Amino acid sequence: MTSAVKPITLTIMDKEYVVGCTEEEREALFASVEFLNNKLRDQRDSGKVIGNERIAVMAALNISHEFLDYRSSHEVSSSGLGDGLNRIHQKIEAALSRTGNPSGRVTSGTN
């Protein structure tokens, strides 16, 4: 059973925003807001970017870059895992075919 969407007030860069959120999503939403505020604060405190809009754009760009790097590195490891599983599957199939039981079913010794 899912709970109803309720309005929640969030503060991002000292501005308040009201968004709809279910009770199940609430904790993750607050964690996201904290993460975003930290990234925005880092941009602002670096002194390299002036103005809230530019700070927000640069923080969004950095978060996007981090996400794409993360996704790309995990896709490589996931595909490597798939390749390894395929090799194991092929070895099992080869072993079963050598035993004369290509179906892979366990057979009893009695008839």
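The values are calculated or read from the model by the stated rules, or taken from the named source; none is laboratory data. Quick caveat, the model's predicted, so the values are computed rather than measured. Neighbour counts are summed over all protein chains in view; Cβ atoms, including those assigned to glycine, are modelled from backbone coordinates with ideal geometry.
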Of all residues in segment 76-103 being loosely packed, with under 10 Cβ neighbours inside 10 Å and not in a helix (DSSP H, G or I), which is modelled with the highest pLDDT?
Thr99
How many residues does segment 17-39 hold that are among the hydroxyl-bearing types (Ser, Thr, Tyr) and under 16 Å from the mean Cα position of the chain (by Cα)?
1
Of the numbered conditions (1) out of contact with any Leu (no Cβ under 7 Å at 6 or more places or on another chain); (2) aliphatic (A, V, I, L, M); (3) under 19 Å from Ile63 (Cα atoms), Met13 fails exactly one; give the number of that condition.
(1)
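Could you identify the single residue in Ser32, Ser73 that is farther than 23 Å from Val5 by Cα and surrounded by 10 or more Cβ atoms within 10 Å (Cβ to Cβ)? Steps first, answer last, please.
Working: Ser32 fails: farther than 23 Å from Val5 by Cα.
One residue alone meets the criteria, Ser73.
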Subset of segment 35-45 [surrounded by fewer than 16 Cβ atoms within 10 Å (Cβ to Cβ) and within 15 Å of Ala60 (Cβ to Cβ)]
Phe35, Asn38, Arg41, Asp42
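Please find, among Val57, Val106, the residue that is at pLDDT 85 or above, aliphatic (A, V, I, L, M) and either closer than 30 Å to Lys15 by Cα or surrounded by fewer than 10 Cβ atoms within 10 Å (Cβ to Cβ) (or both). Please lay out each step first, then the result.
Details: Val106 fails: at pLDDT 85 or above.
Within the list Val57, Val106, the selection yields Val57.
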Considering every residue within segment 10-26, establish whether at least one is in contact with a Pro (Cβ under 7 Å, 6 or more places away or on another chain) and either assigned to a helix (DSSP H, G or I) or not β-branched (Val, Ile, Thr) (or both).
yes
